[in-house]
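Single-structure report; data block below.
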Amino acid sequence: MPDLNGADLINRVLPEEQRQEVLSRALLYPRLKLDDEKVNEVYNVCQGVYSPLEGFQGSTDFRSVVHSGRLSNGQPWTIPIVLDASAAEASPLKEGQTLCLWQGDLPLALMHLDEKYAYDKAGLASGVFGTTDPKHPGVARALAMGDVLLAGKLDLLQDPDDPYSRHKLTPVQTRQLFRQKGWRTVVGFQTRNVPHLGHEYVQKTALSFVDGLFINPVIGKKKAGDFRDEVILDSYVALMEHYYLPERVTMSVLRQEMRYAGPREAIFHAIVRKNFGCTHFIVGRDHAGVGNYYTPYAAQEIFQDYPDLGITPLFFTAFFYCRKCGSVANEKTCPHDGSLRIDFSGTWLRKVLMEKGEPPAELLRPEVADAVRKWEHPLVEEA
């Protein structure tokens, strides 16, 4: 289980006494501009969110992660964390150089370039996503990556610009918070959706077995049709304000893109929540899935391959509202037939909210519905 004092966390934040000197020389280093998602990756590495990583992965770890779902030293790790570049961008860069990574006009971090290497995009897609179908959003992004990967340790110079900083805590801060609250056991909940009563049912069921609940929404690039980041945050603020004990729940965002890698991403999500200080992690039906690429419980079955993960998964089956029971239930607890059940369909719920309809109270809290409806365009649109 994670050390709540943070001894097991990586810290690649440059000490304050060195920052100003390095920042004054930032223009002297070869310069590489990052998009928002790579900015988030840099921050997550340096603040320990991606412990034990200290930078972008080299070819040995990359190949090991793609083919075996583990680092070359055997530690569980299922998603490559890499920095891609075009051949033209990579050509003038030399191994052994120090680069400065920029967010727009902000010098963000130093990267100590240890290696640059070519890789097999189709092999990456097949190993991580289990398919090379370009209709899969994660595969599409993998196939669009640059042809060269750059590897090396990072040193964060300053925090990136972030409109959601008021909702963001580092792993050091969450562990301190859990300790202050007296939580010895904490369950993490990964989400990229507006919360319906099914989510609330799962969270509160899990909370009945542990001391605290850590809600950790993914804030970053998503596919068209997903809820926008600010809508997810507003809806959770409303839910927590009206339906949760403040001493038993807290929320912090995770700046990270969704990869829709199903089972592989479920393990990755669990590792990240362990780094935040969670002892348990909720894994529901079709966790991090998309379309029909993964079987409904593949993201739970993969945990059998990772007994050394260091965090306890809590598995939940499909749930629904039963009119006869008068409550949220699942197939283990409800004896009634399907005619009495209302399924929690995200597609249907989005349709009702987009049409400004009134979702049934059995499916969505009114305060959550109000938080969504105040946004004129609550969904991610096609690029």
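Throughout, read-outs are computed from the coordinates displayed, never taken from laboratory work. What you are looking at is a predicted structure, and each value in this text was computed from that prediction instead of being measured. No Cβ is skipped: glycine too gets one built from the backbone with ideal geometry, and neighbour counts run over all protein chains shown.
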Residue-wise HN-Hα coupling along the stretch 55-65, computed from phi with Karplus coefficients 6.51, -1.76, 1.60 (Hz; x: Gly, Pro): x, 6, 6, x, 5, 5, 5, 4, 5, 5, 5
Proxy reagent accessibility, fewest Cβ within 10 Å first, across Thr347, Thr312, Thr174: Thr347, Thr312, Thr174
Hits among aspartates and glutamates - C-alpha to C-alpha of Lys116 under 15 Å, sequence gap 8 or more where chains match: Asp61, Asp84, Glu89, Glu95, Asp147
Mean separation of Cα contacts under 8 Å, 6 or more apart, over the residue count of the stretch 76-152: relative contact order %: 40
Pairs beyond 26 Å (Cα-Cα), from Lys274/Lys332; Lys135/Lys274; Lys38/Lys153; Lys94/Lys135: Lys274/Lys332; Lys135/Lys274; Lys94/Lys135
Length-normalised contact order of the stretch 16-156 in % [C-alpha pairs under 8 Å, at least 6 apart]: 30
Under-5 Å amide H pairs with Leu108, H placed in peptide plane, nonlocal only: Leu101, Trp102, Gln103
Among (i) 21.3, 70; (ii) 20.2, 58; (iii) 36.5, 119, the entry derived from the coordinates for Rg and Dmax of the Cα atoms in Å: (i)
Under 13 Å, Cβ to Cβ, from Pro92 - net charge with Lys/Arg +1 and Asp/Glu -1: +1
Stokes-Einstein translational diffusion, the stretch 169-373 - Kirkwood Rh over all Cα pairs, 1.567 mPa s, 4 °C, in µm²/s: 74
Distant-in-sequence amide H partners of Lys168 (H built 1.01 Å from N, under 5 Å): Val253
Label-point separation, Glu247 to Asp35 (7 Å along Cα→Cβ), nm: 4.7
Under-5 Å amide H pairs with Arg70, H placed in peptide plane, nonlocal only: Val65, Trp77
Sorted by Cβ neighbour density within 10 Å, fewest at the top, the residues Thr333, Thr250, Thr98, Thr78: Thr333, Thr98, Thr250, Thr78
Dipole magnitude of the stretch 145-295, debye to nearest 20 (Cβ charges: Lys/Arg +1, Asp/Glu -1, about Cα centre): 460
Inter-part distance where the stretch 343-382 and the stretch 1-78 are each reduced to a Cα centre, Å: 37
Estimated 222 nm signal from helices in the chain, with DSSP H stretches of n ≥ 4 weighted -39500 (n - 2.57), rounded to 500: -9000 deg cm²/dmol
Diffusion coefficient, µm² s⁻¹, Stokes-Einstein with Kirkwood Rh over alpha-carbon pairs of the stretch 190-241 at 4 °C and 1.567 mPa s: 109
Candidate aspartates and glutamates for bridging to Lys222, where Cα separation is under 12 Å - those fewer than 8 sequence places away on the same chain excluded: Glu37, Glu257, Glu381, Glu382
Relative exposure of Trp102, Trp348, judged by other C-beta atoms within 10 Å (fewest first): Trp348, Trp102
